[in-house]
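Take a look at the structure set out below.
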Amino acid sequence: MTIDLPDGPGTGTRASPLQPPCEVFRRATPDDAAAIASLTIAAYTPWIPVIGREPGPMGDDIPALLADAATEVWLADGDAGRSRHGPDGLVILMPETDHLLLHSIAVAPHAQGTGLGRRLLDFTEARAAELGLGEIRLYTHVLMTRNVEIYARHGYVETDRRVDSGFSRVFMTKTIG
């Protein structure tokens, strides 16, 4: 599992900041598996040259994640659910007994630069509060320094750096509530 905020080095059509999108956050279903895989590939592919390999989320077994009752996959559909591109973003959450693990967060290239990554982080915090969990944990690749900076700006604190599952990772946490 890798946690990365792929508002990253890729380019893409960016919406005007003067017209913020209106998302609908909805729980993904098995019918969304192909769209989730496509979004993940589009969002994380620009990171391959940075880290020298596919980021962890690109290897996720999406149908298995969707079938796991303990895992929550949430999609952000732009334009009040009428996006022509499919989901604009996603977040994969794994509630634990004492924290919420932010497994993956991805923003489609066409939606990058709109603030959707921030809204997905806000959604994650709200979901943790709904679940009665006072801490969110995540990790990202050490070479994804922009993501580390983004998380730090949103109140996440680095707790560790180590190789985990073959990836050099930065572990971060945020206390909420």
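The values are calculated or read from the model by the stated rules, or taken from the named source; none is laboratory data. Model, not experiment: these values are computed from the prediction. So basically every Cβ, Gly included, is an ideal-geometry build from the backbone, and we count neighbours across all protein chains shown. Please note that ligands, DNA and RNA were not included when accessible areas were found on the heavy atoms of the full protein model with its side chains. Shrake-Rupley method; radii C 1.70, N 1.55, O 1.52, S 1.80 Å.
Taking the condition of a type in the set (Ser, Thr, Tyr) and assigned to a helix (DSSP H, G or I), does Tyr151 pass?
Here the answer is yes, as Tyr151 does meet what is asked.
Report yes if Ala43 is modelled with pLDDT of 95 or more and either closer than 19 Å to Arg118 by Cα or open to solvent by less than 70 Å² (accessible area, probe 1.4 Å) (or both), otherwise no.
Values: modelled with pLDDT of 95 or more: yes; either closer than 19 Å to Arg118 by Cα or open to solvent by less than 70 Å² (accessible area, probe 1.4 Å) (or both): yes.
When the stated conditions are applied, Ala43 passes them.
Exactly one condition in (1) crowded, with 19+ Cβ neighbours inside 10 Å; (2) within 11 Å of the chain's Cα centre (by Cα) is false for Ile136; which is it?
(2)
Restricting segment 153-171 to residues that are touching a residue at least 12 places away in the same chain (Cβ under 8 Å) and of a type in the set (Asp, Glu), which is least open to solvent (accessible area, probe 1.4 Å)?
Here the answer is Asp164.
Can you say whether Val91 is under 22 Å from Phe167 (Cα atoms) and touching a Gly at 6+ places or on another chain (Cβ under 6 Å), as far as the supplied structure shows?
Taking the combined requirement at face value, the residue does not satisfy it.
Tell me whether segment 100-122 contains one or more residues that are among the β-branched types (Val, Ile, Thr) and free of Cβ contacts under 8 Å to residues at least 60 places away in the same chain.
Step one: filter segment 100-122 for residues among the β-branched types (Val, Ile, Thr), giving 105, 107, 114.
In the following step, the residues that additionally are free of Cβ contacts under 8 Å to residues at least 60 places away in the same chain were identified as none.
No.
Just a yes or no: is a residue in segment 100-118 charged (D, E, K, R), surrounded by fewer than 23 Cβ atoms within 10 Å (Cβ to Cβ) and under 14 Å from the mean Cα position of the chain (by Cα)? Write out each step before concluding.
At the first step, the residues of segment 100-118 found to be charged (D, E, K, R) are 118.
Imposing the further condition that a residue be surrounded by fewer than 23 Cβ atoms within 10 Å (Cβ to Cβ) reduces the set to 118.
With the extra rule that they be under 14 Å from the mean Cα position of the chain (by Cα), the set shrinks to 118.
Within segment 100-118 (the criterion being charged (D, E, K, R), surrounded by fewer than 23 Cβ atoms within 10 Å (Cβ to Cβ) and under 14 Å from the mean Cα position of the chain (by Cα)), the answer is yes, since at least one residue qualifies.
Here's the yes/no breakdown for (1) within 22 Å of Ala64 (Cβ to Cβ); (2) acidic (Asp, Glu); (3) touching a helix residue (DSSP H, G or I) at 6+ places or on another chain (Cβ under 8 Å); (4) not in a helix (DSSP H, G or I):
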site: Thr97; (1), (2), (3), (4): yes, no, no, yes
site: Arg118; (1), (2), (3), (4): no, no, no, no
site: Thr124; (1), (2), (3), (4): yes, no, no, no
site: Arg137; (1), (2), (3), (4): yes, no, no, yes
site: Arg146; (1), (2), (3), (4): no, no, no, no
site: Asp160; (1), (2), (3), (4): no, yes, no, yes
site: Phe171; (1), (2), (3), (4): no, no, no, yes
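Is there any pair linking a residue in segment 30-48 that is under 11 Å from Ala108 (Cα atoms) to one that is acidic (Asp, Glu) and surrounded by fewer than 17 Cβ atoms within 10 Å (Cβ to Cβ), with Cβ under 8 Å and at least six apart or on different chains, and which?
The qualifying pairs are Tyr44/Glu54.
If I filter segment 65-77 for residues that are surrounded by fewer than 20 Cβ atoms within 10 Å (Cβ to Cβ), modelled with pLDDT under 95, part of a helix (DSSP H, G or I) and among the hydrophobic types (A, V, I, L, M, F, W, C), do I get at least one hit?
So far as segment 65-77 goes, no, none of its residues is surrounded by fewer than 20 Cβ atoms within 10 Å (Cβ to Cβ), modelled with pLDDT under 95, part of a helix (DSSP H, G or I) and among the hydrophobic types (A, V, I, L, M, F, W, C).
I'm checking my understanding of the structure. Among residues of segment 99-116 that are assigned to a strand (DSSP E or B) and β-branched (Val, Ile, Thr), which one is nearest to Ala70 (Cα to Cα)?
Going through the qualifying residues, I end up with Ile105.
In segment 143-152, what count of residues is obtained for those that are open to solvent by 40 Å² or more (accessible area, probe 1.4 Å) and either at pLDDT 95 or above or of a type in the set (Ser, Thr, Tyr) (or both)?
Qualifying residue count, segment 143-152: 4.
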